[in-house]
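The values are calculated or read from the model by the stated rules, or taken from the named source; none is laboratory data. Keep in mind the model is a prediction, meaning the values are calculated, not measured. Cβ placement follows ideal geometry from the backbone for every residue including glycine, while neighbour counts extend to all protein chains displayed. Note: accessible area is taken over every heavy atom of the protein model, side chains too, but ligands, DNA and RNA are not part of it. Shrake-Rupley method; radii C 1.70, N 1.55, O 1.52, S 1.80 Å.
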Amino acid sequence: MGYESLMLRIEFCHERASFGEVAQTVSRFGGDIVTVDIISSGISSSVRDVTVQAGKEGSEALIGALRFVDGISIIHISDRTFLAHLGGKIAIQPKMQVKNRDDLSRVYTPGVARVCAAIAEDPKKAHTLTIKRNTVAVITDGSAVLGLGDIGPYAAAPVMEGKAMLFKQLADVDAFPICIDSTDTEEIIRTVKAISPIFGGINLEDISSPRCFEIEHRLQEELDIPVFHDDQHGTAIVVLAGLFNALKVVGKSIEDIRVVVNGIGAAGVSICKMLLAAGVSQLTPVDRDGALERGGSYEQPMWQWLAAQPGVSTCHGPLSEVIEGADVFIGVSRAKVLASSDVRKMAGDAIVFAMANPDPEISPEEALPHVRIYATGRSDYPNQINNVLVFPGVFRAALDCRAGEINETMKLAAARAIAEVVGTSKLNEQYIIPSIFNDQVVAKVRAAVIEAAIQTSVARRIPPDFRGPAQEERSAAYAAPGL
């Protein structure tokens, strides 16, 4: 499949090639030349940037043909995606301009000294007098980037930048990417703790399992700001939101269904925990070696925790066996682990969330003849299960109420809020989860999460839109007067 458009930097040898030969080649392969910019020009050669709209035969075929044109050399190829990342995708902008000495004296020396002294006297004022009140660190070591694996901190940076963009655009949260050049658990914990004073929250991302569990747990224990591993909890929240609505469509109760979760890594464990918290009483977690059994013994601490839960089943065997009679399959594993013969064995009105990326555990063509509802993590199929529905609203809420953590009650509230965005009248097999561009999502998630934070006593500030007569006294206890 070709790119939408390409930018080619081409060197021409004037004795052997002309621009017309390039134009003819592009046209022959169904493309169109959009713009031409001369970068340099000499007697014997020149360099031009040629922007091309690729034709139906695709960019690879077009580029291959151009390489065979005598007298030209393709120096560099970019497409719109690469150009969007040129120089990075985010920037820091001041909230006011320094135009004269008076401005300078207020934002820097000498006026800033008064603000520094106020924070030194009462460190809690950093939440109101610095960017801490609205800033999240998006932190990775690049060891488990979705669909790419262990690519390291440099290559992971574009993903973190993209997440920072989404934080700002969707929830007006300022976020900054932090890519740590270490996979040592203790070093990552020390690093995050050392840089935490300027941030109001920590969003961990793309850190491999099982290290991610200890890193998140330790940081939440040792910091007074919320720490949220999005690969775990963001995925679990949006899966549960989709499941709530899918069960409404098929007319089943969450307490009565049997659920198979395939892939018990970071996301899988968190999904299992949330399913149990939401009322699932027949859960079968499955990994490469087969089903985890209640009462079994496992080296991985989170697997051992699962094995001790009464809602986990005692069945054993490979996925192809334990899926028989299941109402729901949730896959966070790898492509093509499920066949049509497997889903045919599921219960009637089956629900399949096949979320392996880029290729799901089973294709829609294989699954849909045998299941009622099908969802993936992809944007080109209906019912996309996407973390973007979660983290902007959750952190908007956590920052606004200055939550010390994001607990299970807050996560369940977020899942229910996302599900409620899809009204009953619109709910159907092809629409169980809202679009990431639905402007109700962040607002509803924020409201639900703040309410849950207040109810569970982790909110250290009551936002003005949540204050009632009964809450004024509580609010005064958490926030300094006038701040």
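Could you list, in sequence order, the residues of the range 189-243 that are out of contact with any Lys or Arg (no Cβ under 8 Å at 6 or more places or on another chain), farther than 30 Å from I351 by Cα, among the aliphatic types (A, V, I, L, M) and in a helix (DSSP H, G or I)? Correct list: V192, A194, I195, I215. Just give me the residues in the range 261-282 being surrounded by fewer than 23 Cβ atoms within 10 Å (Cβ to Cβ) and in a strand (DSSP E or B), in sequence order. Passing the criteria: only Q282.
Might you let me know whether the range 117-138 holds any residue that is small (G, A, S) and within 15 Å of E216 (Cα to Cα)? Give the steps one after another, and end with the answer.
Kept after step one, since they are small (G, A, S), are these residues of the range 117-138: 117-118, 120, 126, 137.
Filter again for within 15 Å of E216 (Cα to Cα), leaving 137.
There is at least one residue in the range 117-138 that is small (G, A, S) and within 15 Å of E216 (Cα to Cα).
A residue that is in contact with a strand residue (DSSP E or B) (Cβ under 9 Å, 6 or more places away or on another chain) and either basic (K, R) or open to solvent by 30 Å² or more (accessible area, probe 1.4 Å) (or both) occurs somewhere in the range 192-203. Evaluating C116 against the criteria (1) surrounded by 14 or more Cβ atoms within 10 Å (Cβ to Cβ); (2) modelled with pLDDT of 90 or more; (3) assigned to a helix (DSSP H, G or I) leaves one unmet condition, (1).
Does A307 count as surrounded by 24 or more Cβ atoms within 10 Å (Cβ to Cβ), over 27 Å from R372 (Cβ atoms) and either out of contact with any Pro (no Cβ under 7 Å at 6 or more places or on another chain) or among the aromatic types (F, W, Y) (or both)? Working first, answer last.
On the way: surrounded by 24 or more Cβ atoms within 10 Å (Cβ to Cβ): no; over 27 Å from R372 (Cβ atoms): yes; either out of contact with any Pro (no Cβ under 7 Å at 6 or more places or on another chain) or among the aromatic types (F, W, Y) (or both): yes.
Considered against the rule, which asks whether it is surrounded by 24 or more Cβ atoms within 10 Å (Cβ to Cβ), over 27 Å from R372 (Cβ atoms) and either out of contact with any Pro (no Cβ under 7 Å at 6 or more places or on another chain) or among the aromatic types (F, W, Y) (or both), A307 comes out as no.
Just checking, does the range 174-185 include any residue being more than 25 Å from V442 (Cα to Cα), in contact with a Gly (Cβ under 9 Å, 6 or more places away or on another chain) and among the β-branched types (V, I, T)? Yes, because at least one residue in the range 174-185 is more than 25 Å from V442 (Cα to Cα), in contact with a Gly (Cβ under 9 Å, 6 or more places away or on another chain) and among the β-branched types (V, I, T). Inspection of the range 287-304 finds no residue satisfying the criterion of being open to solvent by less than 10 Å² (accessible area, probe 1.4 Å) and at pLDDT 95 or above. Within the range 342-393, count every residue that is open to solvent by 10 Å² or more (accessible area, probe 1.4 Å) and touching an Asp or Glu at 6+ places or on another chain (Cβ under 6 Å). Counting residues in the range 342-393 that are open to solvent by 10 Å² or more (accessible area, probe 1.4 Å) and touching an Asp or Glu at 6+ places or on another chain (Cβ under 6 Å) gives 4. The residue list D181, D172 contains one member that is touching a helix residue (DSSP H, G or I) at 6+ places or on another chain (Cβ under 9 Å), of a type outside the set (A, V, I, L, M) and on the phi > 0 side of the Ramachandran plot, which is D172. Counting only helices (runs of 4 or more DSSP H) wholly contained in the range 342-448, the ones carrying 2 or more residues that are closer than 25 Å to M160 by Cα and at pLDDT 95 or above occupy 391-400, 408-421. Quickly run through the range 320-339 and pick out the residues that are open to solvent by 10 Å² or more (accessible area, probe 1.4 Å) and either under 14 Å from L275 (Cβ atoms) or touching a Pro at 6+ places or on another chain (Cβ under 7 Å) (or both). Listed by number, the residues that qualify are D327, V332, A335. When you look at S297, is it in contact (Cβ under 8 Å) with a residue 24 or more places away in the chain and hydroxyl-bearing (S, T, Y), yes or no? In short, no.
Of all residues in the range 163-179, those satisfying the criterion of being crowded, with 19+ Cβ neighbours inside 10 Å and in contact with a Pro (Cβ under 7 Å, 6 or more places away or on another chain) are A164, F167, L170, A171, V173, C179. Mind listing just one residue for me: the one in the range 212-226 that is touching a residue at least 40 places away in the same chain (Cβ under 8 Å), in contact with a strand residue (DSSP E or B) (Cβ under 7 Å, 6 or more places away or on another chain) and surrounded by fewer than 24 Cβ atoms within 10 Å (Cβ to Cβ) and, of those, farthest from G200 (Cα to Cα)? The selected residue is Q220. For the range 135-162, a residue qualifies if it is open to solvent by less than 10 Å² (accessible area, probe 1.4 Å) and part of a helix (DSSP H, G or I), and the qualifying residues are A156, M160. Would you confirm, using the coordinates I've provided, whether E57 is without any contact (Cβ under 8 Å) to a residue 60 or more places away in the chain, within 30 Å of S196 (Cα to Cα) and among the charged types (D, E, K, R)? For E57, the condition - without any contact (Cβ under 8 Å) to a residue 60 or more places away in the chain, within 30 Å of S196 (Cα to Cα) and among the charged types (D, E, K, R) - is not met.
Within the range 388-401, is even one residue without any contact (Cβ under 8 Å) to a residue 60 or more places away in the chain and over 18 Å from the mean Cα position of the chain (by Cα)?
Here is the first cut: in the range 388-401, the ones without any contact (Cβ under 8 Å) to a residue 60 or more places away in the chain are 397.
Subsequent filtering for residues that are over 18 Å from the mean Cα position of the chain (by Cα) retains none.
Scanning the range 388-401, I find no residue that is without any contact (Cβ under 8 Å) to a residue 60 or more places away in the chain and over 18 Å from the mean Cα position of the chain (by Cα), so the answer is no.
Of the listed requirements (1) open to solvent by 70 Å² or more (accessible area, probe 1.4 Å); (2) farther than 20 Å from G279 by Cβ, E420 misses just one: (2).
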